[in-house]
1. Packing-wise, with mean Cβ within 10 Å as the measure, how do 94-100, 326-332, 115-121 rank, highest first?
2. Per residue of segment 404-409, what does 6.51 cos²θ - 1.76 cosθ + 1.60 with θ = phi - 60° give for ³J(HN,Hα)? Whole Hz please, x for Gly and Pro, Karplus curve as stated.
3. Amide H of Gly384 versus every other amide H placed in the peptide plane: which residues, excluding those fewer than 5 positions away on the same chain, fall under 5 Å?
4. Could you give the distance between the Cα centres of segment 158-195 and segment 236-257, to the whole Å?
5. Using R₀ = 22 Å, calculate the FRET efficiency as 1/(1 + (r/R₀)^6) where r is the Cβ-Cβ separation of Phe253 and Leu298; round to 0.05.
6. Could you give the alpha-carbon Rg of the chain over 2.2 N^0.38 Å, rounded to two decimals?
7. Only bridges with both residues in the chain count here: give the DSSP antiparallel percent, nearest 5.
8. Just tell me which lysines come within less than 24 Å, Cα to Cα, of Lys382; anything on the same chain fewer than 8 places away is out.
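A short reminder: the numbers here are calculations on the coordinates, not readings from a lab. Bear in mind that the values here come from a model prediction, so they are computed numbers and not experimental data. All Cβ positions, even for glycine, are placed from backbone atoms using ideal geometry, and neighbour counts span all protein chains on display.
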Amino acid sequence: MRMTVVALLVVLAALPIAAVPTADAPTGSGARALDVEKATDAYLAQLPAAQRQKTDRYFEGGYWIQLWGVLLTGAILIALLATGLSARMRDFAARRTRWKWLQSFIYAELFIVLLSILEAPFGTYTDFFREHQYGLSNQSFVAFMKERLLGLAIGMILGGLLITGILGVVRRFQRSWWMWAAVVMIVFEMLTIAIAPLFIAPLFNDYTELTDARVRDPILTLARQNGIPASHVFVVDESRQTTRISANVMGLFGTTRISLNDNLLRRCSLGEIEMVMAHEMGHYVLHHVPKGLTFIGLVIVMAFAFVQWAGSRSLAKVGERWRLGTLGDPATLPLLILFFVVAMFVATPLLNTITRVDEAEADIFGLNASRQPDAFATVALKLGEYRKLAPGKLEEMFFFDHPSGRSRIRMAMEWKREEMLRASSPAR
Ligand SMILES: [Zn+2]
């Protein structure tokens, strides 16, 4: 374990960190170049100190929530095993049918329901009460609970299928299952992403076509300029769940679509909307969904290899006492998930970095496509309502899955500076 963490730190330390901008270079043209650092600080100073402290508290609390979440899940999984409840659930499933795959499925359904009940108090605090406490949601408790139940129902269908598939693979390939299980998981993930815009997202929100030509037409122009054959812009009514501004690109294999949420539409200028949509188009044009899946697939292979190693060792020690069969027996599922969760938790900085690098690419793409550095800076400030604006360098590397507000504003100011130099160049 310690080796894994150390190796990860070494890898991370070797990753390129955003270059610190140098002082203004002589331009030769006599034009005063923009002072990037000063311009960045001036933007940062626009967010009131009280708001900034509140955001920092909210965001830093999130680090602890991640840790407590893993500890809680770990405790529940160990309790399921050690109390013999997992073995009893397996026995129950085995009495219902002789088909192994159906036994796995029945066990998976019991497991998903039980886990979601036991984690409900924690999830309700983090996702409902805490969001309200920080003014990030107006959702009623009834609406929130309805969505949780809907989420559980979807989890029972998709999770039940995934668990059945993975347990089947573990039983079939006793030694090399970790590779095949990763394949199953990635294929499953791809299918889920592909059907999400059609069958999952509409269960939670309404997607309508943007009809206001003053906003829609510039977005469609941007899309066509960047080789995206789009004819519709979708608006999603996320104000139902949150006060955050956001947009996203969703789908795969021809179901891909970009949508903006109603908070963004209401609270942002046209320039800001264009910049955000250009960023989302960047994800699409740069193929971030398939690339991200590939990288995450590699992490999943390593995580399952760890599960195989740690799982078989644990079974040798406690398998008999807890009435567990070999790996692949449905009763061993909590053990498989326990080590998988640990592996993914250790890999969090790596996963965050994979995502953050893509986000920075989409930022650059968005700047070049929309050519609105100041709009990008003000959007970054608006995101500062829920994302810490100016973290330390290591903090950003470990905990941020998007560039921080300061990194984004600095990037925008660097772009602006170069653009000013270019415009004033005598060679033009
Ligand atoms: Zn993005």
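1. Values: 94-100: 12.0, 326-332: 22.4, 115-121: 14.1.
Ranked by mean Cβ neighbours within 10 Å, highest first: 326-332, 115-121, 94-100.
2. Result, ordered by residue: 5, x, 5, 4, 5, 5 Hz.
3. none
4. Using only Cα atoms, the two centres lie 27 Å from each other.
5. Working: r = 21 Å, r/R0 = 0.97.
FRET efficiency, Phe253 to Leu298: 0.55.
6. 1.11
7. 65 percent
8. Lys38, Lys54, Lys393, Lys416
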